[in-house]
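A.B. asks: This structure is in structure tokens; I'll ask about it shortly.
Where a number appears in this text, it was derived from the coordinates with a stated rule and is not lab data. What you are looking at is a predicted structure, and each value in this text was computed from that prediction instead of being measured. Neighbour counts run over all protein chains shown; Cβ positions are idealised from the backbone, glycine included.
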Amino acid sequence: MNVSEAVEQRISIRAFKPDPVPGDLVRDLLGRALRAPSGGNLQPWRIYALAGAELARFKALIVEKQAANPGAEPTQYPIYPDNLWDPYRTRRFECGEDLYASINVARENKLGRLMQMAKNYEFFGAPVGLFFCIDRNLGSAQWSDMGMLMQTVMLLAKERGLDTCAQEAWARWGHTIAEFLDLPPEMMMFSGMALGYRDETAPINGWRTRRDGLDIVADLRGFD
């Protein structure tokens, strides 16, 4: 698989098979991803990977935390701006509507939507959960570096026959995650990521987000 194919085929998978991913494969994938660029070569990232008994222990903790605090925890950064405006608001709305339509959950079915949202906190059944952490004293430029690392992980995973779902939803449990991972005070969890083999039979994996065309998002000047 070449890079263009990996970019085209990568989508956010929200239903995984339970098949384990070999540890050597995860180590190789993450090790190669560390070639991702960062301004000044700061490499402003720390990655934590959970699988097997350790992942089960973490997920059990989250179930316990959810029972005691259904509203989750305050996020340590805003996932979206307040009062999101167009075109971003419409894009987000369309994404959510398309997702729930793929599993026949109507807008008025609040319980069904909450149940689907809760699957985030099971890593959608993936056998590997990744957490990407960053020094909280760094700035937005370093956060963009983290995004490049995560994209590199996702494309390398696709090359190896794996699938992923980047999950900022885990920001709602950032304090619990920090305690579980024993993060030093200056470090914070930015995003989780589910990693594994997609369930080809799951309807939720059969749709794709809408994307604006190049003529809308790009302005090319000086070309023939």
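A.B. asks: Give the Rg (one decimal place) followed by the Dmax (whole number) of region 162-209, computed from C-alpha coordinates and expressed in Å.
C.D. replies: Expressed in Å, the Cα Rg and Dmax of region 162-209 come to 14.3, 42.
A.B. asks: Let me ask something additional. DSSP beta bridges in the chain, what fraction antiparallel, as a percent rounded to 5? Mind showing how you got there, number by number?
C.D. replies: Values: 20 of 21 bridges.
Percent antiparallel among DSSP bridges in the chain is about 95.
A.B. asks: I've got another one for you. About its Cα centre, how strong a charge dipole does the chain have in debye, to the nearest 20, once Lys and Arg get +1 and Asp and Glu get -1 at the Cβ? Mind dumping the intermediate values first?
C.D. replies: Working: 26 positive and 29 negative charges, 62 e Å.
About 300 debye.
A.B. asks: Something else about it: With the cut-off at 21 Å, report for region 80-165 the share of all Cα pairs above it, as a whole percent.
C.D. replies: Numbers: 2032 of 3655 pairs.
Percent of Cα pairs beyond 21 Å in region 80-165: 56.
A.B. asks: Given C-alpha coordinates of region 54-121, what is the ratio Rg to Rh with the Kirkwood estimate of Rh?
C.D. replies: Working: Rg = 14.9 Å, Rh = 14.4 Å.
Ratio of gyration radius to Kirkwood radius: 1.03.
A.B. asks: If I build a Gaussian network model for the chain, linking alpha-carbon pairs within less than 10 angstrom, which residue out of Asn205, Asn69, Asn120 has the largest mean-square fluctuation?
C.D. replies: Most flexible of the set in this elastic network: Asn69.
A.B. asks: Which GluC sites (Glu not before Pro) from region 100-208 combine a DSSP loop assignment with at most 16 other Cβ atoms within 10 Å? List each step's numbers first, then the result.
C.D. replies: On the way: sites: Glu108, Glu122, Glu159, Glu168, Glu179, Glu186, Glu200; in loops: Glu108, Glu186, Glu200.
Answer in residue order: Glu108, Glu186, Glu200.
A.B. asks: With viscosity set to 1.567 mPa s at 4 °C, what whole-number translational diffusion coefficient in µm²/s follows for region 138-223 from Stokes-Einstein and a Kirkwood radius over Cα pairs? Don't jump to the answer; show the numbers that get you there.
C.D. replies: Numbers: Rh = 16.1 Å.
It diffuses with D of about 80 µm²/s by this estimate.
A.B. asks: Using Cβ contacts closer than 10 Å as the measure, can you line up Arg208, Arg32 from fewest to most? Kindly include the intermediate steps, with their values, before the conclusion.
C.D. replies: Values: Arg208 10, Arg32 14.
Listed from fewest to most nearby Cβ atoms, that is Arg208, Arg32.
A.B. asks: Something else now. Based on C-alpha coordinates, I'd like the Rg and Dmax of the chain, in Å.
C.D. replies: My reading of the Cα-based Rg and Dmax gives 18.1, 62 Å.
A.B. asks: How much length would be gained if the chain were fully extended between Ala118 and Arg221, taking 0.36 nm per residue of separation minus their Cα-Cα distance, in nm to one decimal?
C.D. replies: Details: separation 103, 0.36 × 103 = 37.08 nm, distance 4.56 nm.
Between Ala118 and Arg221, full extension yields an extra 32.5 nm.
A.B. asks: Which of Ala166, Ala68, Ala60 ends up with the largest GNM mean-square fluctuation for the chain, with Cα atoms connected below 10 Å?
C.D. replies: Largest GNM mean-square fluctuation: Ala68.
A.B. asks: Pairs of Cα atoms under 8 Å, at least six residues apart: use those to get the relative contact order of region 81-224, whole percent. Numbers along the way, then the final one.
C.D. replies: On the way: 122 pairs, mean separation 45.0, N = 144.
Rounded, it is 31 percent for region 81-224.
A.B. asks: Using a Gaussian network model of the chain with C-alpha springs under 10 Å, which one of Leu183, Leu195, Leu149 is most mobile by mean-square fluctuation?
C.D. replies: The residue with the greatest mean-square fluctuation here is Leu183.
A.B. asks: In vacuo Debye scattering of region 1-134, one point per C-alpha: log10 I(q)/I(0) at q = 0.11, 0.15, 0.16, 0.22 Å⁻¹?
C.D. replies: With no solvent term, the Cα-only Debye profile gives -0.60, -1.16, -1.30, -1.47.
A.B. asks: So if I take the centroid of the Cα atoms in region 1-67 and the same for region 71-141, what is the distance between those two points in Å?
C.D. replies: 17 Å
A.B. asks: Volume per residue, Å³, of the convex hull around the alpha-carbon atoms of region 28-77? If you can, show how the numbers build up before the last one.
C.D. replies: On the way: hull volume 5.3 nm³, N = 50.
Convex hull volume per residue, Cα atoms: 106 Å³.
A.B. asks: Please order Asp163, Asp28 by the number of other Cβ within 10 Å, starting at the fewest. Could the numbers behind the result be given before it?
C.D. replies: Working: Asp163 26, Asp28 13.
Ordered by Cβ neighbours within 10 Å, fewest first: Asp28, Asp163.
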